Amino acid sequence: MAISFIDKRLEGIYSKVLNNSRLSKEDGIYIYETHDLIGLGQVANHVRRSLHGNKAFYIYNQHLNYTNVCKNRCRFCAYARDRKEKGAYTWSIEEIEKRLLERIDEPVNELHIVGGLNEALTFDYFIDLLKTVKKIRPKATIKAFTSVEIDYLSTLAGLSIEQTIQQLKQAGLEMMPGGGAEILNSRIHKELFPRKINHKRWLEIIRAVHRAGIKTNATMLYGHIETIEERVDHLITLRELQDETHGFSAFIPLAFHSENTKLAHIPPTTAVDDLKNVAAARLMLDNFDHIKAYWVMIGEKLAQVALSFGADDLDGTIIEERITHMAGAKSAVGLTKEQMEDMITKAGFEPVERDSFYNPKTVV
Amino acid sequence: MNNLNKIIKKISANERIDINEGLKLFRQADFLTLASLANQKRFYYHPDKIVTYVVDRNINYTNICASGCRFCAFFVTPNKGRGYIISKKDLFDKIQETLDLGGTQILLQGGMHPDLDLDYYVDLLTYIKENFDIHIHGFSPPEIDFIAKKSSLSIAQTLLILKKAGLSSIPGGGAEILCDDIREKVSPNKCSSEEWLEVMRQAHAQGMRSSATMMFGHVEKDFHIFEHMDKIRNLQDETHGFTAFIPWTFQPDNTKILVKKKTAVEYLKVLAMSRLFLDNINNIQASWVTQGDKIAQTALFFGANDMGSTMIEENVVASAGVDFMLSKEELTRLITKAGFEPRQRDCYYNLL
């Protein structure tokens, strides 16, 4: 397809894309710098359509944030609490059971389970948690724990990363989300989340998880103090690991929300930056199958638009999103299946309800 | 597909497209193809990377309205008790505050109040002009039509009297969809499409400029959107009095029309089509009031070159459950972050 670029420099990037040659770091930086948003969108849309045609995916899921008590206290987080702080909570196994049963009549296909690093919990709690979820929702996939939690669980268990993963896998863990990556470099680590594992450890754990046959997602938290170059380096780091393991399923750019965080002076990301991050991900991550437009963070309206800027997946229906809403997100806390399909159809795509591994859910 | 390419070629050659061609493009072209065409057209009309905005305030002099439009969540029927007519003190304070905030104009609109006559409006305008040096953008065609009928005057006479009292330009509201089969369904007591156009024709003839709007996403079909734009385009050929076109989506909360709200993609497609179809109107305005900041910023790449007003106060859309607010600082930040230069303008799109 011929594209009339307003920014002629995008022609070079487009011809690389058409020849299936990998984009360089300089290309990545230029993707963020160009003001030709539509030209860029058209290139990303070309890739998106050649991979997925007219399909746009979503999943019927449920989030379980088992605790907000966290010893890391990252500067960008509005969710975490200290153990004795007002609003701190930890769900017992009974509480988890209750929350699952409350929604047992809904066709939930995936449980997304993440939480803080709570020193009051033992490794057994996590094994119990997984087993309980599996018992109550045997058909749903358990997608749980970021690398940050896996690292912590291995110290709790006194086991190696590999052994820890094996134990969790036996208890029901099937997939892992991609959180805790933030921006994979030491400057950002030192400034924003010094107590959390650094990028080397994050990558090490993901590598081990992929080797154990568990797929994960990957994320990037953008819109705080990072530079464009740091974003591009982040994407290239993920691309290199993917070349090695092929264990990443989807990439999710996460727009930073500053309200109630220690970085409250930072204004929200704008639509142009959100769309560029989706397009940049689609174009730089040539070995990733899926790019998500996470509607919780960029809003339902822009997520719908993002389907034409490289995204092929709108993530989940969720119903009870907590983490981003604590940081001032104005999006809904959940979407119905009907709303999700309506958004996708009206954007000109075919909605496909999927499972955690992108198999379409066939109507029974 | 060949047909589609022919239409695209026409647009690229700056030739006019007709209703059928517009509809075909709207129905068949890919979302980003529309965006790309509209974006190029936008830069054809405005090669400078400038996005304008106006600092003003909506002043609704009354919420009492005999019209009873089914899409409206703002009005109160006469004798319902919750109605108001603005006091001179409130009016004074609101205008003073607007000027203090760097405002250059007020958008003066209100309901079709059965007890107010021409003297009221003349007095209102005179009072403002005696106290302030501010541009009055006021009274949409349904109000003018209502005042004229109530006073048994012609549209031209009514406009002349209001102009003499201080009215400078006419907002393009109350157009909704300029097709009488639709108007009968959603606003049966308001002026007809021909009456709406006649007010604008007369205003333009008297040297008053106006904007034009379109409210879509209620009971109209897609071809009505093009019929509406065709009527605006024809009148513009005749008068050249329209400064801008402002499409926005119907907000169904608290109204009597039960439909799903139009999505962002649907809004952006109509916006892009308005840039492509209205080849004789310079300015296309994004509607952050109905779309929110993110889609309004995105709209700058779908044909819009103007962000509308900072709206120190807005009541009508807010009554229908939408409460996006944008400060001047935030509005200019959005424009800058999109790679454009924000510039404050006056009612005639002159840069200030």
Please go through the range A:284-364 and write out the chymotrypsin sites (Phe, Trp or Tyr not before Pro) that DSSP classes as loop and that have at most 16 other C-beta atoms within 10 Å. A:PHE357
Counting only other chains, what is the mean number of Cβ atoms within 10 angstrom of the Cβ of each residue in peptide A:264-272? 5
Between the range B:224-263 and the range B:112-162, how many Å separate their Cα centres? 24
Give, as a single signed number, the net charge of other residues whose beta carbon lies under 13 Å from the beta carbon of B:LYS41, with Lys and Arg counted +1 and Asp and Glu -1. +2
For chain B, longest principal axis from Cα atoms; helix B:328-337 axis from its Cα atoms; angle between them, nearest 10 degrees, is 10
Regarding the range A:1-84, what are the three Cα extents along the principal axes, ordered largest first, in Å? 60, 31, 22
Ranked highest first by the average count of other Cβ atoms within 10 Å around their residues, in what order do B:179-185, A:63-69 fall? A:63-69, B:179-185
Pick out, in residue order, every one of the chymotrypsin sites (Phe, Trp or Tyr not before Pro) in the range B:9-106 that is DSSP loop and has at most 16 other C-beta atoms within 10 Å; say none if there are none. B:TYR84
Cβ under 12 Å from B:SER169's Cβ, B:SER169 left aside: what net charge do those residues give with Lys, Arg +1 and Asp, Glu -1? 0
Among the listed pairs A:LYS98/B:LYS260; A:LYS131/A:LYS215; A:LYS215/B:LYS294, those beyond 24 Å (Cα-Cα): A:LYS98/B:LYS260; A:LYS215/B:LYS294
Just order A:242-250, A:148-156, A:96-104, A:73-81 by mean Cβ neighbour count inside 10 Å, highest at the front, would you? A:148-156, A:73-81, A:242-250, A:96-104
Here are some pairs, A:LYS86/A:LYS135; B:LYS9/B:LYS221; A:LYS84/B:LYS337; which of them have Cα atoms lying more than 31 Å apart in this structure? A:LYS86/A:LYS135; A:LYS84/B:LYS337
Using the per-residue mean of other Cβ atoms lying within 10 Å as a proxy for protection, in what order, highest first, do the peptides A:268-279, B:8-19 fall? A:268-279, B:8-19
Please tell me the relative contact order of chain B in percent, rounded to the nearest whole number, where contacts are Cα pairs under 8 Å and at least six residues apart. 24
Could you work out the Kirkwood radius for the protein assembly as shown, taking every pair of different alpha carbons, averaging 1/r and inverting it, reported in Å? 27.5
Set the bar at 32 Å for Cα to Cα. Now go through A:LYS16/A:LYS292; A:LYS276/B:LYS94; B:LYS41/B:LYS262; B:LYS80/B:LYS185 and name every pair that lies beyond it. A:LYS276/B:LYS94
Relative contact order in percent for chain A (Cα pairs under 8 Å, 6+ apart) equals 22
In degrees, nearest 10, range 0 to 90: what is the angle between the Cα axis of helix B:19-28 and the longest Cα principal axis of chain B? 70
Could you pull out every Cys in chain B that lacks a partner Cys with its beta carbon under 4.7 Å away? B:CYS65, B:CYS179, B:CYS191, B:CYS347
Compute the helix-to-body angle for B:193-205: its Cα long axis versus the longest principal axis of chain B, expressed 0 to 90° and rounded to tens. 80
Per-residue HN-Hα couplings for the range A:285-294 [Karplus 6.51, -1.76, 1.60; θ = phi - 60°; Hz; x = Gly/Pro]: 8, 6, 10, 9, 6, 10, 10, 9, 9, 8
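To the nearest whole number, what is the average tally of beta carbon atoms from other chains within 10 Å of the beta carbons of peptide A:330-343?
Across the residues of A:330-343, the mean count of other-chain Cβ atoms within 10 Å is 1.
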Given 10 Å bins starting at zero, what is the percent of C-alpha pairs of the range B:38-344 in each, up to the one with the largest pair distance? 6, 28, 38, 24, 4, 0
So for the range A:54-353, using the alpha carbon gyration tensor with a ≥ b ≥ c as root eigenvalues (a/c under 1.5 gives rounded; past that, a/b versus b/c decides prolate or oblate), I'd call it rounded
Cα-based Rg/(2.2 N^0.38 Å) for the range A:1-140, rounded to two decimals, is 1.60
Would you mind telling me the antiparallel percentage of the DSSP bridges in chain B, rounded to 5? 5
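If you count, for every residue in B:292-305, the Cβ atoms of partner chains within 10 Å of its Cβ, what is the mean? Could you put the intermediate results ahead of the total?
Values: counts 5, 6, 14, 6, 1, 8, 12, 1, 3, 10, 3, 0, 0, 0.
Counting other chains' Cβ atoms within 10 Å and averaging over B:292-305 gives 5.
FYI, it's all coordinate maths here, none of it is from the lab. This is a predicted model, so every value here is computed, not measured. So basically every Cβ, Gly included, is an ideal-geometry build from the backbone, and we count neighbours across all protein chains shown.
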